[in-house]
Amino acid sequence: MAQEAVLVELTGIYKEYDREVLQVDSLVLKKGLIYGIIGPSGAGKTTLLRIINLLTPPSSGTYHFKGKPLPGNGRERLALQRSMALVFQKTLLFRDSVWNNVAYGLRARKYSPAEIDRRVGQLLEQLGMADLAHRRADTLSGGEAQRVAIARAVAFDPELLLLDEPTANLDPGNVEVIEEMIRKMSRAGSMTVVMVTHNVFQARRIADEVIFIDDGKVVEMGPAKKIFSKAEHEKTRLYVEGRMIY
């Protein structure tokens, strides 16, 4: 594997609170791929996502980003974190217009007004929300709000987009729009997407690589086609077939 293709490399990652919640011996995320993280509730999927996003420090282990260890300097680490974007299942938007919500990260990063207008306008057009640009975000439906949250996250072209159940409880129409947007953003550049989902059908549709986690451990990882047709581990097969009992 060419080192320049590696974005994130985790080694010996261990996390505990009052008990062990995550133990990942090795995990490598390559540039430009969509990863689907699947597994039962409480398996450690969201904890892994938060560690990758630098929101939660591991109890032990090493983290390399583009071949370099995490900087010890707080300012440098913040700069690294700002090259990533994280969207949770529960949408958190400002009580402001749709346009200003999407523009927020661009303004914080000192983009020019012309570039902000171009990017926000383009994203809202892609999402079919141009006519809602001046609507207050707190008046949107759940699906509309989640589309805005993802648009805000991708507006500045993050190197790494992390999604925690981004389409849970949404109607099929909104799911389709969000999935297509994720595909387009990934194909357009070298953005890496890591998405936690309980929907194995969604992982099959959208992911290049699938990571199956159970009991805090990576049981199996590989190309989506292989995971869903010829998984090597029995637990993986049972889970993707809907027959896993836990």
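Rule-based calculations on the coordinates, nothing more; no lab input. Keep in mind the model is a prediction, meaning the values are calculated, not measured. Ideal geometry is used to build each Cβ from the backbone, glycine not excepted, and the neighbour counts take in all protein chains shown.
Can you give the FRET efficiency for Ala188 and Asp215, using 1/(1 + (r/R0)^6), R0 = 45 Å, r = Cβ-Cβ distance, to the nearest 0.05?
According to the calculation, E is roughly 0.80.
Could you grab the relative contact order for segment 1-80? Cα pairs under 8 Å, six or more apart, rounded to a whole percent.
Details: 107 pairs, mean separation 29.5, N = 80.
Computed value for segment 1-80: 37 percent relative contact order.
Got a sec? Which residues in segment 112-136 would a label at Phe94 touch, if it sits 7 Å along Cα→Cβ and we count backbone N under 17 Å?
112-121, 124, 133-136
If I model a spin label at Glu20 and Ala168 as a point 7 Å from the Cα along the Cα→Cβ vector, what separation in nanometres do I get?
Roughly 2.5 nm, to one decimal.
Once amide H atoms are built 1.01 Å from N in the peptide plane, which residues 5 or more positions from Glu16, or in another chain, come under 5 Å H to H?
Hits under the 5 Å cutoff: Val21, Ser59.
Using a ≥ b ≥ c from the Cα gyration tensor of segment 1-142 (square roots of the eigenvalues), is it rounded, prolate or oblate, where a/c under 1.5 gives rounded and otherwise the larger of a/b and b/c decides, a/b for prolate? All intermediate terms of the calculation are to be shown ahead of the outcome.
Numbers: a/c = 2.20, a/b = 1.69, b/c = 1.30.
Since a/c reaches 1.5 and a/b is larger than b/c, the shape of segment 1-142 is classed as prolate.
Enumerate the calculated ³J(HN,Hα) couplings along segment 191-196 in order (Karplus 6.51 cos²θ - 1.76 cosθ + 1.60, θ = phi - 60°), each rounded to whole Hz, writing x wherever the residue is Gly or Pro.
5, 9, 10, 10, 10, 7
Classify segment 142-212 as rounded, prolate or oblate, taking a ≥ b ≥ c as the square roots of the eigenvalues of its Cα gyration tensor: rounded when a/c is under 1.5, otherwise prolate if a/b is larger than b/c and oblate if not. All intermediate terms of the calculation are to be shown ahead of the outcome.
On the way: a/c = 1.67, a/b = 1.07, b/c = 1.56.
Verdict is oblate for segment 142-212.
When only Cα pairs under 8 Å and 6 or more residues apart are kept, what is the percent relative contact order across segment 107-246? Walk me through the numbers on the way to the answer.
Numbers: 117 pairs, mean separation 21.0, N = 140.
RCO, segment 107-246: 15 percent.
If the elastic network links every pair of Cα atoms under 10 Å, which of Thr46, Thr197, Thr11 fluctuates the most in the Gaussian network model of the chain?
Greatest mean-square fluctuation among the candidates belongs to Thr11.
Suppose we keep just the DSSP beta bridges with both residues in the chain; what percent of those would be antiparallel, to 5?
Working: 23 of 40 bridges.
Restricted to the chain, the bridges split so that about 60 percent are antiparallel.
Read through the labelled values [x] 20.2; [y] 18.0; [z] 18.8 and report the label of the one computed as Kirkwood radius over Cα pairs in Å from the structure.
Identified label for the calculated read-out: [z].
Rounded to the nearest 500, what is the chain's calculated 222 nm mean residue ellipticity when only DSSP H runs of at least 4 contribute -39500 (n - 2.57) each, over all residues?
Details: 9 runs with 92 residues, N = 246.
My calculation for the chain gives -11000 deg cm²/dmol from helical runs alone.
Which percent, nearest 5, of DSSP beta bridges in segment 81-221 are antiparallel? Working shown, then result.
On the way: 5 of 14 bridges.
Bridges in segment 81-221 that DSSP calls antiparallel: roughly 35 percent.
Is the shape of segment 114-246 rounded, prolate or oblate, going by the alpha carbon gyration tensor and its root eigenvalues a ≥ b ≥ c, with a/c under 1.5 for rounded and a/b larger than b/c for prolate? Show your work: numbers first, answer last.
On the way: a/c = 2.81, a/b = 1.97, b/c = 1.43.
Because a/c hits 1.5 or more and a/b exceeds b/c, segment 114-246 counts as prolate.
Amide H neighbours of Thr56 under 5 Å, at least 5 residues apart or on other chains, H built in the peptide plane: list them.
Ile51
³J(HN,Hα) across segment 102-112 via Karplus (A = 6.51, B = -1.76, C = 1.60, θ = phi - 60°), whole Hz, x for Gly/Pro?
5, 7, 3, x, 5, 5, 5, 9, 6, 5, 5
Using a Gaussian network model of the chain whose springs link C-alpha atoms within less than 10 Å, name the residue from Ala149, Ala114, Ala207 with the highest mean-square fluctuation.
Ala114
Between Val120, Val148, Val28, where does the largest GNM mean-square fluctuation fall for the chain, given springs only between Cα atoms within less than 10 Å?
Val28
List the relative contact order of segment 35-121 as a percent without decimals, with contacts defined as Cα pairs under 8 Å and 6+ residues apart.
On the way: 26 pairs, mean separation 13.2, N = 87.
It rounds to 15 percent for segment 35-121.
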